[in-house]
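> I'd like to ask some things about the structure below.
Values in this text are rule-based calculations from the coordinates and carry no lab data. Model, not experiment: these values are computed from the prediction. Neighbour counts run over all protein chains shown; Cβ positions are idealised from the backbone, glycine included.
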Ligand SMILES: [Zn+2]
C-alpha cells in the first residue's frame, strides 16, 4: 500500500465536497450513456475545420516587433490586449467579466536588498555567509523592511505537511517565529520506489512554490531551501539569477501574513552550517525520507535584515465566452498566456524577444478554436470560456489571479485545456501529455488522439515538474482537471530522430531568445493545425457531454491544495 492509497480510503469520504458527491452520482448515471452510446457520439462529431489560415495571421501579428515582446506593463501590453479584445468582439463572443472583456490584474514588484548580512550563532561559534554566493533570500511582503533577530533554526525535512498523505515535516513543533531549513524535491526522489510519493516524478510537494506556500501557512519567520542540483533540476546559478533583483508577484493580502523571508542556501553552506551545529547532514537527509520523520532543532539562531523597494502596476487578462445552448452555467475553459518577456539583451543585433511560439502561437490557436466554435451551426451545449492571461512568464500571475478571482465559479468549470507553445515542426504521430496521470483528461485526450491516428507519449521529463510550470497549474490547484500537451516527437514523414532534433534545436536556439520569431519558410503549420484540431475536439466533446472529468486518486490535486482552513 503506498502513501497515497492509505489516506484515500479514510479521507475521501471526509473531504468529499458536495460537487464531488454530485459528480460521482452523475458519473455513475452517465457513464453508460457517455461511453457506450456511439450513435450519440457520432452525431456530435465536430467537422474538421481549423486551417492554418485561422491561426497564422494572429501569430504574425502578435509576434511582430511593434509589440515589443508583449511585456506586461510595457508598451506592447495594451496593444496585445486590445488586439485580442477586438478579435473576441469580431467573433461576437460575450465579455466574461461583468460586461468587460478585460480583468485587471494588480501586481507588485519587490526588490529586496540586504541591510544586514546573514549571521548564524551555532554551538561552535558564529558563522557569516555571503549573499549570492552562499544564499539568496527575499521578502515577499509589501513592507519597507524586515529584521530577524536570533530566530531559532529548525531542520524540517522536505517542508511538507498534508494530512491527506499523512505526512508532516513540521510535526509537534510551533514554528511561528522560527526559520525552517528544508530540502528541495520530495521524499520519493531517488527512492527508486514508484509508489513512494511518485518516485522520481516530481509531485507538487517537491516544487519550491509549494514549500513557500507551506512556510506561510506555518507562520515561519523564514524558510531556507537547501539547493541540490539533481533534486532541483537546475544548477545554483539559476537560483542566483532567478531569485535576485526585482520579483513580480500578485498584490494580495494573504502575503502580508506570510514568512518574512524565503530563499535558498548553497549545498556547501548547508554542509558548513550543519557541521558547525554538530549535525550529520547526510544522515538527516536520509531520516527526512522516512515516514514519521520529526523536525530537528539545530541549536542555532539566525539574524539578518532586508530592505524593500516596492513598485505597483497592472496588466490585463482578456476573458470572453460563448454561451452554451443547454448548460450555459457549465464551462470548458481554454487558456493561453498572451505575454512574453519583452525587450532584453541583444542577440545577433536583435533585442526584441518576440515569443512567436511562446506564446503567440497558443493565443492564436485559442482564437482559431473560438472562431471555429462560433462558426458551428449548432452551439455547444455547455459554455466555452476563453482566457488569454497575462504575466505567465513572471510566475503564472494572470492565471493565478483568475483562479483566485474567478469570473464564473471554479466548480462550474468542467475542465481546462491550456495551450503554451505549439508544434511548428509538422504533423506528428504522437502527442506528449505533460503531467500524465493526474486526471481523466488523459483518457479523453487519448481517445481523441486515436481518432487522429495518434498515440499518447507520456511526460518525457516527469522529474522536472513541467506540469507546475504553466497556467493550467493554477486551475488545477483550485480543482479544475486540466489537459496540458506538448506536440510530439514522432514526425509523420521523418520519424522520431527528426522530431526530437527539431525540438531540441528550438530549445537550444530559440527558447526565450529574440529568435523565437514566426518564419513562413521554416514553420510547418501542419502540426499546429493538427494540435489545434485535437484541442478543439477535446473541448467540443466535453462541451456536448455531461462528463465531469475527475482527478485520479493518486493526484495531489484531487482536491484544492490551497484551502485555507
Ligand atoms: Zn509560455
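> Averaged over all directions, how much area does the convex hull of the C-alpha atoms of segment 199-301 cover when projected, in nm²?
Result: 7.9 nm².
> Mind checking the angle between helix 76-90 and the chain's longest principal axis? C-alpha axes, 0 to 90 degrees, to the nearest 10.
On a 0 to 90 degree scale, this one is about 30.
> So, one more: Where does the chain land at 222 nm, in deg cm²/dmol rounded to the nearest 500, when only DSSP H runs of n ≥ 4 count, each adding -39500 (n - 2.57), divided by all residues?
-9500 deg cm²/dmol
> Right, another one. Give me the angle, in degrees from 0 to 90, between the Cα long axis of helix 3-15 and the longest principal axis of the Cα atoms of the chain, rounded to the nearest 10.
Long axis of 3-15 versus the principal axis of the chain: about 70 degrees.
> Still on this structure, I have one more. Can you compute the modelled spin-label distance between residue 313 and residue 119, with each label point 7 Å from Cα toward Cβ, in nm?
Result: 3.8 nm between the two label points.
> Segment 466-480 to segment 201-277: how many Å between their Cα centroids?
Segment 466-480 and segment 201-277 have Cα centres spaced 20 Å from each other.
> Sticking with this one: So for segment 108-310, averaging the separation of alpha carbon pairs under 8 Å that are six or more residues apart and normalising by length, what relative contact order in percent results?
Relative contact order, segment 108-310: 41 percent.
> Continuing with the same structure: With axes computed from alpha carbons, what is the tilt in degrees of helix 362-374 against the longest principal axis of the chain, rounded to the nearest 10 within 0 to 90?
Once rounded, the angle reads 40 degrees.
> Could you tell me the calculated FRET efficiency between residue 345 and residue 147, based on Cβ-Cβ distance and R0 = 35 angstrom, to the nearest 0.05? All intermediate terms of the calculation are to be shown ahead of the outcome.
Working: r = 35 Å, r/R0 = 1.01.
Computed FRET efficiency for residue 345 and residue 147 comes out at 0.50.
> Now for a separate question. Give me the orientation-averaged projected area of the Cα convex hull of segment 363-415, in nm², one decimal. Numbers along the way, then the final one.
Values: hull surface 17.4 nm².
That works out to 4.4 nm², a quarter of the Cα hull's surface.
> What percent does the relative contact order of segment 441-565 come to when contacts are Cα pairs within less than 8 Å and at least six residues apart?
Working: 70 pairs, mean separation 42.3, N = 125.
Taking the mean separation of contacting Cα pairs over the length of segment 441-565, I get 34 percent.
> Under 10 °C and 1.306 mPa s, how fast does the chain diffuse according to Stokes-Einstein, given a Kirkwood radius computed over C-alpha pairs? Answer in µm²/s, whole number.
Diffusion coefficient, whole number: 64 µm²/s.
> Calculate how many DSSP beta bridges within the chain are antiparallel, expressed in % of all such bridges and rounded to the nearest 5. Write down the numbers at each step before the final one.
Values: 54 of 90 bridges.
For the chain, the DSSP antiparallel bridge percentage is about 60.
> Something else about it: Quick one: check the C-alpha center-to-center distance for segment 353-403 versus segment 154-184, whole angstrom.
Here the answer is 38 Å between Cα centres.
> Relative contact order for the chain: what percent, with Cα pairs under 8 Å and sequence separation of 6 or more?
In percent, rounded to a whole number, it is 20.
> Give me the base-10 log of I(q)/I(0) for segment 108-310 at each q in 0.09 Å⁻¹, Debye formula, one uniform scatterer per Cα, rounded to two decimals.
-0.31
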